[in-house]
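The values are calculated or read from the model by the stated rules, or taken from the named source; none is laboratory data. Note that the structure is predicted; figures quoted are calculated from it, not measured. Neighbour counts run over all protein chains shown; Cβ positions are idealised from the backbone, glycine included. Surface accessibility is based on the protein's heavy atoms, side chains included, excluding ligands, DNA and RNA. Shrake-Rupley method; radii C 1.70, N 1.55, O 1.52, S 1.80 Å.
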Amino acid sequence: MKKSILLFTTMFCLSLVVFAQQNKEQDESSDTVKTIEKLKYKQQPGLALAASKIFFSDKRYSISGFGEFNFIPVQNNVNPEMGDLELYYSSLYRYATFFGYRLTDKLIWNSEFQIEFLHYKTEESHYEIVIEAFFDYLFKDYLKARVGFYPLTIGYVNNNDEPVMFYSVNRSEVERLIIPSTWIEFGTMFYGNLSPSWSYALGFSQGLNSQKYISGTWIRQGREIRFDLPKSISINPQLNYTGVKNLTLSTSGYYGNSGQGEFIEISGEPVEVKGKINLTSAYAKYDWKNFRFVTVGTYGQLGDTEKLFELTKDENGENGQVLGKEVYGYLMEVGVDILPYLRKGRPIHEKQNFLFDTHEMKLSLFSRFERLNTHNKIEQSLEGLPRVESDMEIWTVGLNFNSRENIVFKTNYQHRLNKFNGDQFPRKNIVETGIGFIF
């Protein structure tokens, strides 16, 4: 664990060097050749801010990234036997670097290397490496193509996953346990603008691996980077409306099998496990003056859950996972930057360095309500078996301080009520703190 913390500390220090270089270059003459280009805070469809840098760069290449360091110092009722550290970790470190290269005006290469480290105190730890690598071909405004390992266009956070883009310290439970963000697959996506108000995306990808599903996090652990030929193809459509100023309406889905050609034996006969997924999501985002409103909803179905129980058993033929055949989740969130009201009538004393910019500072209060159920419906034959179930109501209130546009300090408190066996579920009420940045 000490080595991992040292690695992330080193990465953070390197990022500070980039911040300082960017800040220095803003004060230099425009005739000076710049080695690092300032982020323009624009988004390419399906990508967050730092990930989009190459698409708006004046140079042939770009380097960008983000980092977040989150801590949960107070948590109660933790049960380390939940089966997935995602449910009860006490600290999270995440760092990503993007490299983009413009091969031609229409053909762009983009890539990401992300490392994520979770641990629960000193008792348990887990790391994960996430890779993105894809080409975009910008044929026309109405037709562009993306091929490779890329983030799916589903939900809100999966394409807005950099820490300055959402209020809470960690991503919402709805978009971790129902929509398993960050969600990357190998495939092909077509996207573009149908009109000034309407845009679309349509992706075809390799699908999840149902053999790795875990009861408490539904399909989340089925994400993986695979280089083999897929046994089935999943479809990921999205439709967006931006015809009203500062309003975004989006609906998206994910449909396909996740069995990956696996079989189980029933009465001595091999039976294929398809594990069909139907997952639909929608969100609305509206910015009004210093306020931001976001609401997200999602509903999912998973087939063959009785077969998946057999498929997910361990080598001793035990601990099969009881998965929900029907799930749902939704959230409503409102936040407001109160700094302009505190400053009203007072002059802004200009101060700018690589950590602070008085003109970009924000002090945001937010509140969010979430409702989700990972086992809204269960196969009748599995109902009496032990499982980890999230039948949750979660209230979150918190505070963000942006010292400049690309750096944020966060804290929030969550009141968590699990209607299913709540006394044994981890993290009943928690305090979270975190630091995030992009460059």
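Using a 1.4 angstrom probe and counting only protein chains, how large is the accessible area of Glu123 in Å², to 10?
In the full protein context, Glu123 sits at about 130 Å².
Please report, in Å, the Rg and the Dmax of segment 98-167, where both are computed over Cα atoms only.
16.0, 53
When averaged across all projection directions, what area in nm² does the alpha-carbon convex hull of segment 293-369 cover?
About 9.9 nm², averaged over all directions.
How far is helix 2-26 tilted, in degrees, relative to the longest principal axis of the Cα atoms in the chain, given as a value from 0 to 90 rounded to the nearest 10?
That works out to roughly 30 degrees.
Under 9 Å from the Cβ of Ser57, count the other residues' Cβ atoms, weight Lys and Arg +1, Asp and Glu -1, and hand me the total.
Once positives and negatives cancel, what remains is +3.
Provide, in order from the shortest bin, the percent of all Cα-Cα pairs of segment 369-434 in each 5 Å bin, continuing until the bin that contains the maximum pair distance.
Histogramming segment 369-434 at 5 Å steps yields 4, 15, 19, 17, 14, 11, 8, 6, 3, 2, 1 percent.
Please list the non-local residues whose amide H lies under 5 Å from the amide H of Tyr61, H modeled 1.01 Å from N, same-chain partners needing a gap of 5 or more.
Arg102
Would you mind giving the average projected area, over all directions, of the Cα convex hull of segment 51-183 in nm² with one decimal?
Reported value for the Cα convex hull: 9.3 nm².
Let me spell out the model: positive unit charges on the Cβ of Lys and Arg, negative unit charges on the Cβ of Asp and Glu, origin at the Cα centre of the chain. What dipole size does that give, in debye rounded to 20?
Dipole size: approximately 1640 debye.
With springs only between Cα atoms under 10 Å apart, run a GNM on the chain and tell me which of Ile108, Ile264, Ile179 wobbles the most.
Sorting by GNM fluctuation, first place goes to Ile264.
So what is Rg over Rh here for the chain, counting just Cα atoms and using Kirkwood for Rh?
0.97
Scattering from the C-alpha atoms of segment 154-280 alone, worked out with Debye: what is log10 I(q)/I(0) at q = 0.14, 0.15, 0.22 1/Å?
Debye intensities relative to I(0), on a log10 scale: -0.71, -0.79, -1.36.
Mean projection of the alpha-carbon convex hull of segment 241-362 over all orientations, in nm²?
Result: 13.5 nm².
Rounded to the nearest 500, what is the chain's calculated 222 nm mean residue ellipticity when only DSSP H runs of at least 4 contribute -39500 (n - 2.57) each, over all residues?
-2500 deg cm²/dmol
Say the cut-off is 27 Å between C-alpha atoms; which of Lys285/Lys351; Lys106/Lys410; Lys140/Lys245; Lys351/Lys410; Lys276/Lys410; Lys40/Lys245 go over it?
Lys285/Lys351; Lys106/Lys410; Lys276/Lys410
Once you have the Cα-Cα distance between Phe401 and Ile435, take 0.36 nm times their residue separation minus that, and quote the gain in nm to one decimal.
Result for the pair: 11.3 nm of gain on full extension.
Just order 335-347, 95-107, 162-174 by mean Cβ neighbour count inside 10 Å, highest at the front, would you?
In descending order of packing, they fall as 162-174, 95-107, 335-347.
Of Ile394, His375, Val334, which is farthest along the charge dipole of segment 305-413 in the positive direction, counting Lys and Arg as +1 and Asp and Glu as -1 at C-beta?
Projecting each Cα onto the dipole axis, the largest value belongs to Val334.
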